[in-house]
1. I need the peptides 281-289, 458-466 ranked by packing, meaning the mean over residues of other C-beta atoms within 10 angstrom, with the highest value on top.
2. Can you tell me which lysines have their Cα less than 24 Å from the Cα of Lys239? Leave out same-chain residues fewer than eight positions away.
3. Gap in Å between the Cα centre of the range 263-299 and the Cα centre of the range 116-167?
4. Label Ala345 and Val181 with points 7 Å out from Cα along Cα→Cβ: what is the distance between them in nm?
5. Label Glu383 and Arg514 with points 7 Å out from Cα along Cα→Cβ: what is the distance between them in nm?
6. Using the beta-carbon distance between Lys142 and Glu245 and R0 = 56 Å, what value does 1/(1 + (r/R0)^6) give for FRET efficiency, to the nearest 0.05?
7. For labels at Glu110 and Lys376 in the simple 7 Å Cα→Cβ model, what's the distance in nm?
8. With a 1.4 Å probe and every protein chain left in place, work out the accessible area per residue of the range 99-251 in Å², rounded to a whole number.
Amino acid sequence: MAYARSIFSQMKNPNTFTWNAIIRGYAESENPKPAIELYGLMHSNSVEPDTHTFPFVLKAVAKAVSITAGEQIHSIATRRGFESLVFVQNSLVHMYASCGQYQSAVKVFEVMPNRDLVTWNSVINGFALNGKPSEALALYQKMDLDGLKPDGFTMVSLFSACSKLGALALGRRAHVYMVKVGLDKNLHSVNALLDFYAKCGCTKDAKRVFNEMVERNVVSWTSLIVGLAVNGYGSEALKYFKQMEAEKWLPSEITFVGVLYACSHCGMVDEGFRYFDKIKQYYGIVPQIEHHGCMVDLLARAGKVKQAHDYIQQMPMQPNSVIWRTLLGACTKFGHVELAEVARAKLLHLEPKHSGDYVLMSNLYASERRWSDAHKARKSMLEEGVAKIRGHSLVELGNQVHEFHTGDRTHPQSEEIYAKLVEVTKRLRLEGHVAHTGHVYADIEEEEKENALVHHSEKIAVALMLVCSPPGTPIRVFNNLRICGDCHVVIKLMSKVYGREITVRDCSRFHHFRDGSCSCGDYW
């Protein structure tokens, strides 16, 4: 591009074709911003754009995530009469989706008289990327009704949406379709399929997909390694990494995030430090903040909270809010009030409106029976106008994803669900279970604490499956918050008493419950 720009700058009156060529070049390069600047220069020089100009510059806007420039260019395209062209409309949908403006993407999409596969892929991907997986799946079904057949790009977005919702049955049907139409040879689609199975806790399926792949790349290896790590199979993840090395694949920075994650979630502290040294010394990769974050997490999860703080102090870059929050979480778990207050002070400076930090501090004070300080933490949260993230659990039943909140009674089968919870409580008491009321951080009576624990969203979700699915059917629950200690103990016992394999994916990791034990070994 440097040579192209040098020649371009020596031209006295470049025509529209030449402007398009230089704009396109930058749009397809690693640095797309000059394309936007050149379009502005083209506009100020009164050079007339043609049908190719807007798709090129909008591609640059999408890559640079420059929504302000995108809106301005959209306005100019409309005034000049180019907005009605399908490839300009497709570029607008893609641009808005890439910039996180999915509502604007849908507005353009809905007024388009003619939509091709590129249009559908852009808007489905926009929903999938912007935390709207249900909408992405709804659009996919609508596209199917319109008679359009998905391609590899569609499958990537579809599997992404399915994994976020835990829609395993729909993902499996998409897998069958892939094989039927030959998309199982498309590397990007198969990588997305592998990632989907791993994120749904189906590691056997993920490994089968990986082993059957005709072609692999670093993304394939990384997806499997990270997938095994988050599912609690750290030793197996490291085994595949060693195999990757043996086959002379060059690991990426993200691969090593997966490797360190595996060590962290399996308590392999010494092994984690050996791999961290290998990143620098053997592969010549400069560790990024994500790698340092894994090392802090490694120490924190192992209960080495002071060492984790020392590590943060010695980092070669400024620690971000994620790293300080990792330390705060460990302090809450292991009862380090003073270090928690240090971490909290840093977080107030970096990310003052994060509700989880207030909750962690309040819970820590409550666990130490410092009710006054716990109340102050909650009160300051209200005064600052910070809303607590509402916990929910998702479970798939009969091609439909059901969502539950704590104490939820909106489900049509609520009466049966709550009757099942009463039965579960009685059966677990016979097994010697006593509610872990220490996980209710409120100054209330023990009976009230027990009632609060029984109605947590993940227990309601499991109860629905016990009511509605045949005996022995595996149960998968997706939870947006971390599973509490009592739910962990209860679901572990339920797996034994009811003879079910129960998988819970929380915001931190997977928990595979089987025969009264958990894949995390209670290390979590």
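The values are calculated or read from the model by the stated rules, or taken from the named source; none is laboratory data. Keep in mind that this is a model prediction, so the values were computed, not measured. Neighbour counts run over all protein chains shown; Cβ positions are idealised from the backbone, glycine included. Accessible surface areas use protein heavy atoms only, side chains included; no ligands, DNA or RNA. Shrake-Rupley method; radii C 1.70, N 1.55, O 1.52, S 1.80 Å.
1. Ranked from most to least packed, the peptides come out as 458-466, 281-289.
2. Candidates past the 8-residue exclusion: Lys199, Lys204, Lys207, Lys248, Lys278, Lys280.
3. When both Cα centres are located, 36 Å separates them.
4. Going from the Ala345 label point to the Val181 one covers 5.9 nm.
5. Between Glu383 and Arg514, the label points sit 5.1 nm apart.
6. Plugging the Cβ-Cβ distance into 1/(1 + (r/R0)^6) gives 0.80.
7. 5.0 nm
8. Result: 45 Å² per residue.
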